[in-house]
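The structure under discussion appears below in the form of structure tokens.
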Amino acid sequence: MSQQHTTQASGQGMLERVFKLREHGTTARTEVIAGFTTFLTMVYIVFVNPQILGVAGMDTSAVFVTTCLIAAFGSIMMGLFANLPVALAPAMGLNAFFAFVVVQAMGLPWQVGMGAIFWGAIGLLLLTIFRVRYWMIANIPVSLRVGITSGIGLFIGMMGLKNAGVIVANPETLVSIGNLTSHSVLLGILGFFIIAILASRNIHAAVLVSIVVTTLLGWMLGDVHYNGIVSAPPSVMTVVGHVDLAESFNLGLAGVIFSFMLVNLFDSSGTLIGVTDKAGLADEKGKFPRMKQALYVDSISSVTGSFIGTSSVTAYIESSSGVSVGGR
């Protein structure tokens, strides 16, 4: 019993030294609950990201694995080096921009598009090295941060309506209402209302619950096929390292590269400010402790993500759900 107590005390002491729990007014138990809460609110990305990137012709099974890997890598690094309650994963919005605009609309191979993401991430890293991001965080108007985040949300919403079949292409009006009696549309509408109802009741796993319910109903209707629960991880070699750096590094793609860099810059910076402010860690100018380490982790994760075959990596606003239950 004495040895067990000593081991337990040693473990708590290590957590205290690494994460300074008392200084932040939290405990190991609270942080575990907060981490699990954040996981539940953002785990949908491991299902959604492969489906979106699959539109670009990428291997969805491989992207599923790389999405998990980069989310784990970025989130762990943020905790260890920046000690902030912020999780990272491939950015919603930028993955849709990559698949639907860069690859489908512009007709570029996904390898070239991934190269554009890589160079955009390198640009983000350079802005971090030369401290431009620090200056921008201190001077970005609140209205601009909110506007960019809202715009990304509207874009994601439109992609969701399109994929569900609620809206379809129309040569005269650009978009029109789809077949509202089809299974996919009805399930999409049901999923939306499930999220809205659960979110209004502050249930953090609203998106995950919606995915599970609509997937089960889709399986019962024959639209989703069951292939087992447990299997060996699929190979990632169909996407890892297939980034085309040479073809993507040209003046014709400067606008695409700049778009990836700029949107990721504002999205990530705004999220970091918002989450740290909610946690009581940011000052009135938006600056927060260990900002340098956080921005480096964010930038390096984006560079790594593009190399292994995922879209731009960013800080997730869903991290605020973990903060709301005491995560610091």
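The values are calculated or read from the model by the stated rules, or taken from the named source; none is laboratory data. Quick caveat, the model's predicted, so the values are computed rather than measured. Note that we place each Cβ from the backbone using ideal geometry, even for glycine, and neighbour counts take in every protein chain shown.
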Residues (crowded, with 20+ Cβ neighbours inside 10 Å and not β-branched (V, I, T)) located in region 267-280: D267, S268, S269, G270, L272, G274, A279
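Restricting the search to region 25-35, which residues are touching a residue at least 24 places away in the same chain (Cβ under 8 Å) and at negative phi?
Step one: list which residues in region 25-35 are touching a residue at least 24 places away in the same chain (Cβ under 8 Å), which gives 25-26, 30-31, 33-35.
T26, T30, E31, I33, A34, G35 - these are the residues of region 25-35 that are touching a residue at least 24 places away in the same chain (Cβ under 8 Å) and at negative phi.
Out of region 123-136, which residues are at pLDDT below 90 and out of contact with any helix residue (DSSP H, G or I) (no Cβ under 6 Å at 6 or more places or on another chain)?
Initially, region 123-136 is screened for residues at pLDDT below 90, giving 131-136.
Selection gives R131, V132, Y134, W135, M136.
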- prompt: Of (1) in contact with a helix residue (DSSP H, G or I) (Cβ under 9 Å, 6 or more places away or on another chain); (2) closer than 30 Å to G165 by Cβ; (3) outside any helix (DSSP H, G or I); (4) modelled with pLDDT of 80 or more, F192 satisfies all except one. Which?
  reply: (3)
message: Return the pair list, or none, for Cβ contacts closer than 7 Å from residues in region 237-255 that are under 21 Å from L69 (Cα atoms) to residues that are acidic (D, E) and part of a loop (DSSP other than H, G, I, E, B), at least 6 apart or on different chains.
response: T238/D59; V239/D59
Every pair of residues 6+ apart whose Cβ atoms lie under 9 Å, when the first sits in region 113-141 and is within 16 Å of T304 (Cβ to Cβ) while the second is outside any helix (DSSP H, G or I) and of a type in the set (S, T, Y): M114/T310; M114/S311; I117/T310; I117/S311; I117/S312; G120/S312; A121/S312; L124/S312
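Quick check on M77: is it under 21 Å from F266 (Cα atoms), modelled with pLDDT of 90 or more and surrounded by fewer than 23 Cβ atoms within 10 Å (Cβ to Cβ)?
Values: under 21 Å from F266 (Cα atoms): yes; modelled with pLDDT of 90 or more: yes; surrounded by fewer than 23 Cβ atoms within 10 Å (Cβ to Cβ): yes.
It is true that M77 is under 21 Å from F266 (Cα atoms), modelled with pLDDT of 90 or more and surrounded by fewer than 23 Cβ atoms within 10 Å (Cβ to Cβ).
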statement: Within region 21-38, residues closer than 16 Å to V86 by Cβ, out of contact with any Leu (no Cβ under 9 Å at 6 or more places or on another chain) and in a helix (DSSP H, G or I) come out as A34, G35, F36, T37, T38
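Looking at D267, D298, which is the one that is within 17 Å of F81 (Cα to Cα), in contact (Cβ under 8 Å) with a residue 12 or more places away in the chain and within 14 Å of the chain's Cα centre (by Cα)?
Numbers: D267 fails: within 17 Å of F81 (Cα to Cα).
Of the residues listed, the single one that is within 17 Å of F81 (Cα to Cα), in contact (Cβ under 8 Å) with a residue 12 or more places away in the chain and within 14 Å of the chain's Cα centre (by Cα) is D298.
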- prompt: G107 is checked against (1) part of a helix (DSSP H, G or I); (2) more than 26 Å from S320 (Cβ to Cβ); (3) free of Cβ contacts under 8 Å to residues at least 12 places away in the same chain and fails just one. What number does that condition carry?
  reply: (1)
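How many residues, within region 239-260, are polar (S, T, N, Q) and within 22 Å of the chain's Cα centre (by Cα)? I'd like the intermediate steps shown before the answer.
Residues of region 239-260 polar (S, T, N, Q): 248, 250, 259.
Adding the requirement that they be within 22 Å of the chain's Cα centre (by Cα) leaves 259.
The number of residues fulfilling the criteria is 1.
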- line: Note on region 52-88: residues under 24 Å from G115 (Cβ atoms), part of a helix (DSSP H, G or I) and either among the polar types (S, T, N, Q) or touching a Ser or Thr at 6+ places or on another chain (Cβ under 6 Å) (or both) are G54, T60, S61, A62, T66, T67, I70, G74
- prompt: Identify, please: which residue in region 155-185 is of a type in the set (S, T, N, Q) and in a strand (DSSP E or B) and is, among those, nearest to V101 (Cα to Cα)?
  reply: N170
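Looking only at region 283-318, count every residue that is closer than 19 Å to R131 by Cα and not in a loop (DSSP other than H, G, I, E, B) and tell me the total.
Kept after step one, since they are closer than 19 Å to R131 by Cα, are these residues of region 283-318: 283, 285-303, 314-315.
Okay, now just the ones that are also not in a loop (DSSP other than H, G, I, E, B), so 291-303, 314-315.
Summing the residues that are closer than 19 Å to R131 by Cα and not in a loop (DSSP other than H, G, I, E, B) in region 283-318 gives 15.
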message: Against the condition more than 17 Å from the chain's Cα centre (by Cα) and aliphatic (A, V, I, L, M), how does L84 come out, does it pass?
response: no
- line: Per the filter on region 168-189, residues modelled with pLDDT under 85, in contact with a helix residue (DSSP H, G or I) (Cβ under 6 Å, 6 or more places away or on another chain) and of a type in the set (A, V, I, L, M, F, W, C) are none
- prompt: Only one of (1) surrounded by fewer than 17 Cβ atoms within 10 Å (Cβ to Cβ); (2) at pLDDT 90 or above fails for G120. Which number is that?
  reply: (1)
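What residue, of T41, T7, is modelled with pLDDT under 80, assigned to a helix (DSSP H, G or I) and closer than 30 Å to G157 by Cα? Talk me through it step by step, then tell me what you get.
Numbers: T7 fails: closer than 30 Å to G157 by Cα.
Answer to the check: T41.
Check whether at least one residue in region 143-165 is aromatic (F, W, Y) and modelled with pLDDT of 90 or more, and report yes or no. Break it down stepwise before answering.
So in region 143-165, the residues aromatic (F, W, Y) come out as 155.
Retained after the next criterion (residues that are modelled with pLDDT of 90 or more): none.
No, region 143-165 has no match at all.
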- line: Residue pairs qualifying under the 8 Å Cβ cut-off, at least six apart or on distinct chains, with the first in region 196-211 being more than 16 Å from T38 (Cα to Cα) and the second being at pLDDT 80 or above and of a type in the set (A, V, I, L, M), are S210/I194; S210/I195; S210/L198
